[in-house]
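Undergrad: Once you've had a glance at the structure underneath, I'll fire off some questions.
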C-alpha cells in the first residue's frame, strides 16, 4: 500500500507539472503575438510622429504660400481697380472733349455766319459739302476723306 500513496503523489506532481507546462505554453502562445503587435504599434507610432512633423511643416509652408497669394490677389485687385478708375477717367475725359468739340463746331459755325461766308444755299462755296458730322469739306473732289467726329481729330 505504500506504493499507492507514492503513485498518487507522483500522479499529482505529474499532473501539476503538466498543468504548469500547459499554462506556460498558453502564456507563451498568447504572449508572442501580443509582443509582435506591441512592436508594430511602437514602430507605427514613430512613423506617425514623423508624418505629423512633415504635415505640420507642409501646413506652415502652405500657410505662407497662401499669405503670398492673398497679397498677390490684393495687389492684382488694386491694379484692376486702378485700371477701372483710369478707364472711367478716360470716358469722362472723352465725353468732356466731345462736348468741347460740339461747342467749337457751334462757335465755328456762328463765326462763319457772322463773317457772311455762307451763300444762298447755306454754304459759302458750291464745291463744299457737309459730311455726316456736320463739318464743311471743300476737298471732296481732291480725294480726301471727311474728318471723323471724335476727340482724336484734335490730336
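Undergrad: Suppose the filter is more than 35 Å from the chain's Cα centre (by Cα) and surrounded by 10 or more Cβ atoms within 10 Å (Cβ to Cβ); does residue 73 pass it?
TA: no
Undergrad: Out of all the residues in the stretch 99-116, is one or more in a loop (DSSP other than H, G, I, E, B) and at pLDDT below 85?
TA: Yes, that holds for at least one residue.
The values are calculated or read from the model by the stated rules, or taken from the named source; none is laboratory data. The shown structure was predicted, so the numbers you read here are calculated from the model rather than taken from an experiment. Positions of Cβ are generated from backbone atoms using ideal geometry, with glycine treated the same way; all protein chains shown enter the neighbour counts.
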